[in-house]
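In what follows, a structure is listed as structure tokens, so that the remarks can point back to it.
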Amino acid sequence: MKRRKAIRNIVLFSLGTGIIYSCKDKYEAIKQLHLKHLIIDTKQLDILDDLSRLIVPLQNIPELADHTALPFIMNMVEHVFEEKDRQAFMKGYQSWDQEILSIKGRAFSAMKIEEKQQLLSEVNEESLKASQELYTVFNTVKEKSIQYLTTSEYYQRKVNYYQMAPGKFKGDVLLVDLKNKNDE
Amino acid sequence: MSEVNFEAIVIGAGMSGSWVAKELCDNGVKTLLLDRGPEVKHLRDYPTASKYPWEFEYRGALSNDHVKNNPIVSECYAYKDGATHFFVEDDVQPYTQRQPFEWIKGYQVGGKSLLWARQTQRWSKYDFNTPYTNQFGISWPIDYDDLAPWYSHVEKFVGISGEKDGLDVLPDGEFLPAKEITAVDKHLRSIVKENYKDRHVIYARCAHLTEPREIHRKQGRGQCQNRTVCERGCPFGGYFSANSSTIPWAQRTGNLTLRADAVVHSVLYDEQTGKANGVKVIDANSKEEFDYYADAVFLNAGAINSVAILLNSRSSRYPNGLGNDNGLLGKYFGFHNYRARISADCPGFEDRVMDGRSPTNVYMPRYVNINRQSETFKGAYGVAIYTARYRKQETKRLGQDLLNDLLKDKNFMPWTIYSMMMGETLPKEENMISLNENKVDQFGIPLVHFNVGYDDNDEKMMEHFYQQWEEIYDKAGFTNIQRIDTGQPPGRDIHEMGGARMGKDPNDSVLNKNNQLHTVENVYVSDGACMTSTSYQNPSLTYMALAARAANHFLKSRK
Ligand SMILES: Cc1cc2nc3c(=O)[nH]c(=O)nc-3n(C[C@H](O)[C@H](O)[C@H](O)COP(=O)(O)OP(=O)(O)OC[C@H]3O[C@@H](n4cnc5c(N)ncnc54)[C@H](O)[C@@H]3O)c2cc1C
Ligand code: SF4
């Protein structure tokens, strides 16, 4: 009972601060961000989530299978971005589906996965004639999804061999020796 | 000793004040150490020291609101998530200015010693002598030989990693072993050696314990582990901070009373004795006022605050500030010119990388205007040199292809080099700080007003640096050479100094050769405010040596 009330409060609070949520739990982490600047609905969240997963498919890394970069992306745009970049991003995702529909004759959300992939490679190659805001969304989602992965604990430890207190610093080592050491 | 009476009061528990306190307490002097900031106890109060990079919400970035509300301190490279709590936010102590000045502050027990980059180069005889001999300043009342034993004294306790380079432009000190340098550092060093007889690329001496000695273990400090997140506080005590070293040391003597959250308003002057007899303090939280009394007062609140406290210490004898008969208090304020940088790519070391992270770099000490003024500009500059090879992120593709690229085994970008001029600025009467008589802070203390700027000499020095370093880079085979002028205002160098300069003559200086006010001998100003000229080295080692020397002068004078 208590828990249900708490959830209702979150939804009400969120509505009050400009977010429209369905009751899907998928975006619980986004609800918890209590976004104030970014106004977004579930359909738009689905689009951004799709974009992020298609661009950097974290779900293909077994250790990160249950991770999504979306809350990180939204949090960064909400809090770290400057107002004008935040506005461009918001405008971009709010018109994304409609813009794709007018360019391709089919809304992004109605596309099959292969169609989405094809579309994204056109955007990636900058060959799609589209608005500045559409490109802002694509570039932001790409950059922040990459950042989410490359600053994750998994990546830092497994790929960057990060140690908090490495002890030694070696200024001049052979690249092959470093690779061999890391392979050990 | 009652609760308000002490033998000595030290204002400011940072880099220099903690040294005065240590020296006094070691010698049995009942000392009150005051700081306007909160207590920061070694280990206990380093909340972010062991946080992993991925635990920071914005992965090291600061929120846009935070930056907007703190445009000044946000310009400091070390003001990042995980260390912001050791800096002072812009609105806490506002100031006014005639020209842009960035005042970066760290108010807590430990002061900026928690935050510093730990670079510790001695001054040489040229640094002390050339302002006078090359006619851009008054004569220092001390020279290198006066300070050399105090450098040694401080270095042994602090722990300085360095190499014996045998250069008279940068005298050797008491060194622990150096850390390793990179392949490109070595290449640059040999190219410079081949081409210039008066220039040297050396390991930049730094306050890290590469091999702790008994004296460091006694302080409870251990070996530096090359974490390079020093500004959050080091759980190993691997670098010197007042918090890990001098303050707990002084506390163990039983002679120290440390009072945090104590904003010193002014120094109290006794018209009868012609001496200072204490300080007036405002509690930072309750705003209650207290007076504390002592035989001597040491000002170590950082150059700007020490000068401001003196200016605010008015009496009928000293209506313009304590010891300010000649009106020079606040004048000849100095800083370092850090605007000029030069970067390049370093092809040819593709098979070499670094393994780990180094908290230091390499360095070139001064090489012109040594015995006489040989250039069109006056003063000296040194150069901090950073070389690195970063991981390459292949981010062109999409989907699984992008993932494969990102997860691929170590791919590296080419080596790069980035060198920064550290320029001496000339002592000038018009570079000054004063009190704004129309505006006060939350404690009713007048705001500090800055009138500090660059001049033509600074521009000429930058041009010289660019030209010389383009030549050096070229000889080293570096490419894509880029001149950079950050355009930053004075202050971002965080090497504020002067304003109460030492001198031989009471008519043209504020302090004598022992850091005492010329006319109030039981007041010592033993932080950067005392500097007669700026030279170019990171100044804190010199401040600490001067502070220890001043404290020992007081000890001797009591015998
Ligand atoms: C990011 C950074 C990097 C740096 N790198 C280097 C470097 O590599 N090498 C180097 O030599 N220097 C470096 N510095 C500069 C160095 O930190 C300072 O030179 C040094 O800390 C000055 O010592 P101080 O004792 O004068 O002042 P601080 O260490 O700042 O201590 C002054 C203390 O006085 C207190 N105080 C101020 N006003 C009052 C008042 N009215 N009443 C009571 N207490 C007061 C403050 O709270 C503070 O704790 C760096 C600084 C920063 C921030
Ligand atoms: S680099 Fe050394 S001193 Fe700095 S935090 Fe790491 S271990 Fe401590």
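The values are calculated or read from the model by the stated rules, or taken from the named source; none is laboratory data. Fair warning: this is a prediction, and the values are worked out from it, not measured in the lab. Methodologically, a virtual Cβ is constructed for each residue, glycine included, from the backbone with ideal geometry; neighbour enumeration extends over all protein chains shown. In case anyone asks, the SASA skips ligands and DNA or RNA and just uses the protein heavy atoms, side chains included. Shrake-Rupley method; radii C 1.70, N 1.55, O 1.52, S 1.80 Å.
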5 Å is the cut-off here: which amide hydrogens, built 1.01 Å from N in the peptide plane, fall below it relative to B:A13, excluding neighbours closer than 5 in sequence? B:R36, B:G110
Over the Cα atoms of the stretch B:399-548, Rg to Rh with Kirkwood Rh, two decimal places? 1.16
The Rg/Rh figure for the stretch B:105-192, Cα atoms and Kirkwood Rh, to two decimals is 1.04
The stretch B:8-558: D in µm²/s via Stokes-Einstein (Kirkwood Rh, Cα pairs, 25 °C, 0.890 mPa s)? 102 µm²/s
Taking a virtual spin label 7 Å from the Cα of B:D198 along the C-beta vector, which residues in the stretch B:527-552 bring their backbone nitrogen under 17 Å of it? B:536
About the Cα centre of the stretch A:43-142, how large is the charge dipole given +1 on each Lys and Arg Cβ and -1 on each Asp and Glu Cβ? Please answer in debye to the nearest 20. 260 debye
Projected area averaged over all directions for the convex hull of the alpha carbon atoms of the protein assembly as shown, nm², comes out at 36.3 nm²
Among A:K31/A:K112; A:K104/A:K144; B:K408/B:K475; B:K30/B:K105; A:K84/A:K158; B:K156/B:K275, which pairs are too far apart, with a Cα-Cα distance over 31 Å? B:K408/B:K475; A:K84/A:K158; B:K156/B:K275
Once amide H atoms are built 1.01 Å from N in the peptide plane, which residues 5 or more positions from B:G498, or in another chain, come under 5 Å H to H? B:G334, B:A529, B:C530, B:M531
Check B:R205: other-chain or 5+ apart residues with amide H under 5 Å from its amide H, H built from backbone geometry? B:T120
Loop-located trypsin sites (Lys or Arg not before Pro) in the stretch B:146-213 whose Cβ has at most 11 other Cβ within 10 Å (DSSP): B:K164, B:K197
Using every pair of alpha-carbon atoms in the stretch B:270-335, split the distances into 10 Å bins beginning at 0 and state the percent of pairs per bin, rounded to integers. 18, 49, 29, 5
In sequence order, what are the phi-derived ³J(HN,Hα) couplings for the stretch B:342-351 according to the Karplus relation 6.51 cos²θ - 1.76 cosθ + 1.60 with θ = phi - 60°, rounded to whole Hz, with x for glycine and proline? 8, 10, 6, 8, 10, x, x, 10, 4, 8
Dividing the alpha-carbon radius of gyration of the stretch B:350-415 by 2.2 N^0.38 Å, where N counts its residues, gives 1.92
Can you compute the radius of gyration and Dmax for the stretch A:101-178, using only the Cα atoms, both in Å? 19.8, 59
Folded to 0 to 90 degrees: helix B:144-158 orientation relative to chain B principal axis, Cα: 70 degrees
In deg cm²/dmol, rounded to 500, what helix-only [θ] at 222 nm does chain B give when every DSSP H run of at least 4 residues adds -39500 (n - 2.57) and the total is split over its residues? -7000 deg cm²/dmol
Positive dipole terminus of the stretch B:232-371, leading residue within B:H336, B:H265, B:N312 (C-beta point charges): B:H336
Taking the Cα centre as origin and putting +1 on Lys and Arg beta-carbons and -1 on Asp and Glu beta-carbons, what dipole magnitude results for the stretch B:135-292, to the nearest 20 debye? 740 debye
Suppose every K and R has +1 on its Cβ and every D and E has -1 on its Cβ; what is the size of the dipole of chain B about the Cα centre, in Debye to the nearest 20? 1160 debye
Expressed as a whole number, the average count of other chain Cβ atoms within 10 Å around the Cβ atoms of A:111-121 is 1
At R0 = 56 Å, how high is the FRET efficiency between A:Q32 and B:E288 if r is their beta carbon distance? Nearest 0.05 is fine. 0.85
Calculate the mean, over all residues of peptide B:353-361, of how many other protein chain Cβ atoms lie within 10 angstrom of the residue's Cβ. 5
Probe 1.4 Å, protein heavy atoms only - accessible area per residue of the stretch A:51-184 in square angstrom: 48 Å²
Taking beta carbons within 10 Å but only from partner chains, what does the mean come to for residues A:158-169? 6
For the stretch A:2-162, what does the convex hull of the Cα positions come to per residue, in cubic angstrom? 132 Å³
